[in-house]
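Okay, so here's the structure we're looking at.
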Amino acid sequence: MQLGIEGRRAAVAASSQGLGFAVARALAAEGVRVAMCSRNREKIERAAAEVGSDAVPIVADVSHADGAAGFVADARHALGGIDILVANAGGPPPGTFETTALDAYAPAFELNCLSTIAMCSEAVPAMRAQRWGRVVGITSIAVRQPIPNLILSNTARAGVTGFLKTLAREIASDGVTVNSLQPGSHATERMTALGGDPESAAAAVAAGEMGRPEDFGAIAAFLCSDAARFLTGAAIHVDGGAYAALL
């Protein structure tokens with residue numbers, strides 16, 4: 001499918017691996033020039049080389065607001081502008097209400113909410129001025145269905161979903177769409193780090209398997225397309241049917 005975004009410029013955060021990398025690769029395959037970031041120079045340079053198509057590696061730490069805004073500013077300088085922003089970050093540590101200290105919430109909120117707000121603050125004004133832009137936030141199925149032992153992620157990602165929905169309504173008339181994707185179980189490094197059992201995770205998915213990052217990337221790329229110009233304010237779960245509620 002031709003998505004009509006060849007020649008566009010995208011900043012994809014936290015994209016040296018996992019779902020961020022899959023989105024960067026999917027956009028590059030559509031002719032988008034991509035700026036990618038990671039805290040690790042070696043990892044992001046290797047990932048950018050694999051994506052190809054003149055992908056630009058940037059060393060940035062998007063776990064805090066200043067680093068997140070700095071990534072977008074560096075990406076804009078490297079690309080000559082930003083048409084597409086994919087806001088993404090790693091996940092906070094696992095824990096329950098009982099095991100999670102109060103002072104753990106602020107870093108988690110900055111990682112999974114304030115960082116996205118900072119990226120949007122840096123990218124969206126120019127999108128509005130040019131009257132074309134796409135913002136895609138990668139959150140989690142936990143926004144719809146909180147995941148046990150992930151109270152920090154459940155809380156922070158719900159907050160950023162509210163921000164993205166509000167932003168979408170405020171700037172829809174400027175030709176800028178804002179949507180979020182809520183991944184369920186995918187075969188990524190994050191799943192491994194959390195110690196999840198692949199067989200158990202697959203058994204909980206109606207499709208009978210964990211998601212492939214490349215399939216997630218293709219969905220994200222469509223949200224960035226010209227054809228998706230009337231789709232905004234949506235929070236879309238990508239989980240192989242694991243989420244069972246009607247809404």
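Of the residues that make up segment 98-108, is at least one part of a helix (DSSP H, G or I), out of contact with any Pro (no Cβ under 7 Å at 6 or more places or on another chain) and within 22 Å of residue 229 (Cβ to Cβ)?
No - not one qualifying residue is present in segment 98-108.
Conditions tested, residue by residue: (1) touching a helix residue (DSSP H, G or I) at 6+ places or on another chain (Cβ under 6 Å); (2) assigned to a loop (DSSP other than H, G, I, E, B); (3) not β-branched (Val, Ile, Thr).
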| position | (1), (2), (3) |
| --- | --- |
| 120 | no, no, yes |
| 127 | no, no, yes |
| 136 | yes, no, no |
| 155 | no, no, no |
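Do we have residue 69 as surrounded by fewer than 24 Cβ atoms within 10 Å (Cβ to Cβ), hydrophobic (A, V, I, L, M, F, W, C) and farther than 19 Å from residue 152 by Cβ here?
On the way: surrounded by fewer than 24 Cβ atoms within 10 Å (Cβ to Cβ): yes; hydrophobic (A, V, I, L, M, F, W, C): yes; farther than 19 Å from residue 152 by Cβ: yes.
Judged against the criteria, residue 69 is a match.
Given (1) closer than 26 Å to residue 185 by Cβ; (2) β-branched (Val, Ile, Thr); (3) free of Cβ contacts under 8 Å to residues at least 40 places away in the same chain, where does residue 62 come up short, assuming only one miss?
The one condition residue 62 does not meet is (3).
Looking at residue 197, is it at pLDDT below 80, acidic (Asp, Glu) and surrounded by fewer than 15 Cβ atoms within 10 Å (Cβ to Cβ)? Walk me through it before giving the result.
On the way: at pLDDT below 80: yes; acidic (Asp, Glu): yes; surrounded by fewer than 15 Cβ atoms within 10 Å (Cβ to Cβ): yes.
Taking the combined requirement at face value, the residue satisfies it.
Would you confirm, using the coordinates I've provided, whether residue 51 is within 24 Å of residue 121 (Cβ to Cβ) and among the β-branched types (Val, Ile, Thr)? Steps first, please.
Details: within 24 Å of residue 121 (Cβ to Cβ): no; among the β-branched types (Val, Ile, Thr): yes.
Against the criterion (within 24 Å of residue 121 (Cβ to Cβ) and among the β-branched types (Val, Ile, Thr)), residue 51 does not qualify.
Quick test of your reading of the structure: residue 9 fulfils all but one of (1) under 18 Å from residue 228 (Cα atoms); (2) under 17 Å from the mean Cα position of the chain (by Cα); (3) crowded, with 22+ Cβ neighbours inside 10 Å; (4) in contact (Cβ under 8 Å) with a residue 60 or more places away in the chain. Name the failing condition by number.
(3)
For segment 13-30, enumerate the residues that are within 14 Å of residue 46 (Cβ to Cβ) and of a type in the set (D, E, K, R).
Passing the criteria: only 25.
Looking at 210, 191, which one is touching a helix residue (DSSP H, G or I) at 6+ places or on another chain (Cβ under 9 Å), buried (at least 21 other Cβ atoms within 10 Å of the Cβ), hydrophobic (A, V, I, L, M, F, W, C) and modelled with pLDDT under 95? Let's see the steps before the verdict.
Working: 191 fails: buried (at least 21 other Cβ atoms within 10 Å of the Cβ).
Among 210, 191, only 210 is touching a helix residue (DSSP H, G or I) at 6+ places or on another chain (Cβ under 9 Å), buried (at least 21 other Cβ atoms within 10 Å of the Cβ), hydrophobic (A, V, I, L, M, F, W, C) and modelled with pLDDT under 95.
Being modelled with pLDDT of 95 or more and within 21 Å of residue 142 (Cβ to Cβ) is true for just one of 78, 101, 73, 55. Which residue is that?
101
Just to check your reading of the model, which residue among 7, 31, 20, 67 is touching a Lys or Arg at 6+ places or on another chain (Cβ under 9 Å) and assigned to a helix (DSSP H, G or I)?
Working: 7 fails: assigned to a helix (DSSP H, G or I); 31 fails: assigned to a helix (DSSP H, G or I); 20 fails: touching a Lys or Arg at 6+ places or on another chain (Cβ under 9 Å).
None of the others qualify; the one that does is 67.
Tell me whether segment 72-88 contains one or more residues that are closer than 24 Å to residue 167 by Cβ, surrounded by fewer than 24 Cβ atoms within 10 Å (Cβ to Cβ) and within 17 Å of the chain's Cα centre (by Cα).
Yes, that holds for at least one residue.
List pairs: first residue in segment 222-239 and of a type in the set (S, T, N, Q), second residue surrounded by 20 or more Cβ atoms within 10 Å (Cβ to Cβ) and assigned to a loop (DSSP other than H, G, I, E, B) anywhere in the structure, Cβ distance under 7 angstrom, at least six positions apart or on different chains.
Listed pairs, sorted by first residue: 225/3; 225/5.
The values are calculated or read from the model by the stated rules, or taken from the named source; none is laboratory data. Nothing here was measured: the structure is a model prediction, and the numbers come from that model. We place every Cβ from the backbone using ideal geometry, glycine too, and count neighbours over all the protein chains shown.
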